[in-house]
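For reference, the structure is listed below as C-alpha cells.
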Amino acid sequence: MADNTTKQENRPGPSANEQELNPKTQHYEFLGPIGAFGFVTVLPLLVLFFATCCGPSGYPSQDLLNDWRGFLAILTSREHLLTMLDWKAMAVYLAFVAVLAVFANVLSGDVIPGTTLRNGQRLKYRLNAFASFYNIFLLLIALLVQLKLGLSPLTFVYDHWVGLVTASILFSYLVSLAVYIKSFQPGALLALGGNTGNALYDYVIGRELNPRIGEFDIKFFTELRPGLIGWIMLNVCFAVKQYLDLGRVTNAMGLVLFFHTWYVADGLWNEEACLTTMDITSDGFGFMLAFGLYTWVPMTYTLQARYLVDFPRDISYLEFGLIFALNILGYYIFRSANSQKNEFRTNPESPAVKHLKYLKTERGTKLIISSWWGISRHINYLGDWLMALSWCLPCGFGSAVPYFYAIYFAILLIHRERRDDYSCRIKYGKDWDKYCSIVKYRIIPGIY
Ligand code: NDP
C-alpha cells in the first residue's frame with residue numbers, strides 16, 4: 001500500500017510546457033460523452049439498417065414494413081450475424097485500403113507544407129489523391145482484363161454489401177482505438193477539442209491532432225481517399241450490376257454516377273484546399289472522422305446508386321435537364337465561393353480577388369465582406385446542399401431513403417456552421433461580431 005502511494009507521488013505529472021501546449025479541453029461539443037456514446041452506437045446501427053433493411057422488396061423492405069419484430073428476429077439470428085461477418089468482404093475491404101495506402105506512399109505528387117501548428121511546426125503533405133483515384137481504377141481494369149474475368153466480379157459489392165459495411169465499421173473502431181492509444185506517446189500534439197480526459201469522448205472526437213506513422217499522415221490519408229475514392233468505386237460496381245441485370249444503364253443511374261464522380265474528382269483534384277479545412281487544421285483524428293470517412297461516406301453516399309439497382313428507372317428529358325441545371329447551379333456556387341476564399345487567403349494580389357472588400361481583424365487575417373462572402377457567411381454550404389439535392393432527385397419519390405443524404409447533409413451543414421461560428425467568435429472576438437453585422441445571413445441569403 002505504502003509502496004503504491006510512493007510510486008504515485010513520484011510519477012511525473014505533465015510538465016508545465018506540456019500543459020501549455022496541450023491544455024485540457026474545458027468545453028464539450030456534440031452533447032459530450034452522451035453524444036459520443038450515440039456516435040459509436042447509433043450511427044453504425046443506422047448504416048447497418050440501410051444495408052440490411054433496404055433491398056429489392058423496398059426501402060425499407062416489405063418484411064420490415066409488415067412486421068418489424070419478425071425482422072428484428074432475423075437480424076439477431078446467428079445465421080444473419082454470420083453473413084455480416086463475411087471474411088471475403090473483410091479481405092476485399094482491407095485490400096482496398098491497403099492499396100490506397102501504398103499509392104499514397106509511392107505515387108509522386110507535390111509536397112507542400114500545411115498550416116503552422118501551435119508548436120510552430122509545419123507538417124508536409126504529399127498531394128497524390130487524384131493520381132490514387134485513377135490509378136486504382138487502372139489497376140482494377142488491368143486485373144479484370146489480364147485475368148479475362150469480364151465485369152461480373154464487380155457484382156461482389158452488391159452481393160456482399162452487408163459484409164462490406166460491417167468490415168468498414170469494424171475497421172473504423174480499430175483505427176480510432178489505435179490512434180487513441182498512440183496519442184499518449186510523449187510529444188504528441190493534441191487537438192484543442194479532444195483532450196477532456198473522458199476516454200470515450202476523446203476517442204470519438206479525436207485526441208491527437210495529426211497522428212503519423214513516420215511520414216504517413218493517417219488523418220490526411222483518411223480525409224479524401226478511402227471515403228471519396230471508395231464511394232465512386234462502389235457506385236461503379238452498382239452501375240455494372242444494373243448493366244448486367246438490364247443490359248443497359250438507365251439515365252437516372254448515369255446522372256447519379258456523373259454527379260458523384262464529378263464532385264469527387266473535383267475534391268481530389270483540389271486536394272490542397274483540404275489542408276485549410278477544420279478537419280485538418282483543428283479537429284483531432286478519432287472515431288468521428290474515421291467512421292465518417294471509412295464507413296459513412298462510402299456506405300451511405302452510395303444509397304442512390306444502390307437504390308437504382310433495386311428500382312431502376314429512367315427520367316424524362318425535362319426532369320433530366322432541370323436536375324442537371326440544379327446541380328450546375330450548386331456546383332458553381334460551391335466551387336467559386338470556396339476558390340475565392342482560398343485564392344484570397346493564399347494569393348491576395350491576384351486580379352481575381354484584389355477588388356474584394358474585406359474587414360481587417362486584430363488577429364491579422366482579413367475577412368471578405370463582398371462578392372460571395374458578402375451574401376452569406378457560408379454561401380459555399382448552400383451550393384453544396386443544392387448539389388446534394390440534385391443527387392437524390394433522379395431516384396424519384398418512391399421512397400424517402402435515397403433522400404437521406406440531402407436530409408442528413410442539411411443537418412450536418414447547419415451544425416457545422418454553428419461550430420465554425422463558435423470557433424470564429426473565439427478566434428476573432430469583437431471583429432467577428434462586426435463581420436456578422438455586415439454579413440447578416442448564416443447560409444441562405446434572406447432566409448437563414
Ligand atoms: P469553410 O470553407 O467555409 O471555412 C470556414 C473558415 O473560413 C472559417 O473558420 C474562417 O477560418 C474562414 N472564413 C470564414 N469566413 C471568411 C471570410 N468571410 N473571409 C475569409 N475567410 C473566412 O468551411 P468548411 O471547412 O466547413 O467547408 C469547406 C467546404 O467543404 C464547404 O464547401 C463545405 O460545403 C464542404 N464540406 C463538405 C462535407 C461533405 O460531407 N460533403 C463536409 C464538410 C464540409 P480562418 O479565418 O481561420 O481562416
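Quick look at the values:
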{"item": "In region 358-374, the residues that are without any contact (Cβ under 8 Å) to a residue 60 or more places away in the chain, near the ligand (Cβ under 8 Å from one of its atoms) and open to solvent by less than 40 Å² (accessible area, probe 1.4 Å)", "result": "368"}
{"item": "All positions within region 37-80 that are within 30 Å of residue 206 (Cβ to Cβ) and open to solvent by 60 Å² or more (accessible area, probe 1.4 Å)", "result": "37, 42, 45, 49"}
{"item": "Criterion: free of Cβ contacts under 8 Å to residues at least 40 places away in the same chain and assigned by the TED database to the domain that holds residue 97 - qualifying residue of 281, 261, 302", "result": "261"}
{"item": "Selection within region 314-352 - polar (S, T, N, Q) and either in contact (Cβ under 8 Å) with a residue 40 or more places away in the chain or open to solvent by less than 60 Å² (accessible area, probe 1.4 Å) (or both)", "result": "316, 327, 336, 338, 339, 340, 342, 350"}
{"item": "So residue 351, is it in the same structural domain as residue 438 (by the TED database), more than 16 Å from the ligand (Cβ to nearest atom) and not in a helix (DSSP H, G or I)", "result": "yes"}
{"item": "Residue 362, sole failed condition from (1) within 21 Å of residue 332 (Cβ to Cβ); (2) assigned to a loop (DSSP other than H, G, I, E, B)", "result": "(1)"}
{"item": "Looking only at region 418-438, and only at residues there that are in contact with a helix residue (DSSP H, G or I) (Cβ under 6 Å, 6 or more places away or on another chain) and crowded, with 16+ Cβ neighbours inside 10 Å, the one that is farthest from residue 300 (Cα to Cα)", "result": "432"}
{"item": "Test result for residue 52, among the hydroxyl-bearing types (Ser, Thr, Tyr), at pLDDT below 90 and in a helix (DSSP H, G or I)", "result": "yes"}
{"item": "Scope region 199-257; condition in a loop (DSSP other than H, G, I, E, B) and over 20 Å from residue 280 (Cβ atoms); matching residues", "result": "247, 248, 249, 250"}
{"item": "Flag for residue 60 being part of a loop (DSSP other than H, G, I, E, B), touching a helix residue (DSSP H, G or I) at 6+ places or on another chain (Cβ under 8 Å) and of a type outside the set (Asp, Glu)", "result": "yes"}
{"item": "Hits in region 376-410 (condition: over 18 Å from the mean Cα position of the chain (by Cα) and surrounded by fewer than 19 Cβ atoms within 10 Å (Cβ to Cβ))", "result": "396, 397, 398, 399, 400"}
{"item": "Elements of type helices (runs of 4 or more DSSP H) in region 375-439, at least 3 residues being near the ligand (Cβ under 7 Å from one of its atoms)", "result": "379-392, 404-428"}
{"item": "Number of positions in region 63-112 that are within 16 Å of residue 226 (Cβ to Cβ) and in a helix (DSSP H, G or I)", "result": "17"}
{"item": "Out of 258, 238, sole residue that is away from the ligand (no atom under 14 Å from the Cβ), crowded, with 20+ Cβ neighbours inside 10 Å and of a type in the set (A, V, I, L, M, F, W, C)", "result": "238"}
{"item": "Test result for residue 280, in a helix (DSSP H, G or I) and either β-branched (Val, Ile, Thr) or open to solvent by 20 Å² or more (accessible area, probe 1.4 Å) (or both)", "result": "yes"}
{"item": "Scan of region 299-313 for residues that are open to solvent by less than 10 Å² (accessible area, probe 1.4 Å) and within 12 Å of the ligand (Cβ to nearest atom), ordered by number", "result": "300"}
{"item": "Every residue from region 153-198 that is among the small types (Gly, Ala, Ser), over 16 Å from residue 219 (Cβ atoms) and touching a residue at least 12 places away in the same chain (Cβ under 8 Å)", "result": "163, 167, 168, 197"}
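The values are calculated or read from the model by the stated rules, or taken from the named source; none is laboratory data. It should be emphasised that the depicted structure is a prediction, and the values quoted were computed from it without experimental measurement. Using ideal geometry, Cβ is built from the backbone for each residue, glycine included, and neighbour counts are taken over all protein chains shown. Quick note on the areas: whole protein, heavy atoms, side chains included, nothing else; ligands and nucleic acids left out. Shrake-Rupley method; radii C 1.70, N 1.55, O 1.52, S 1.80 Å.
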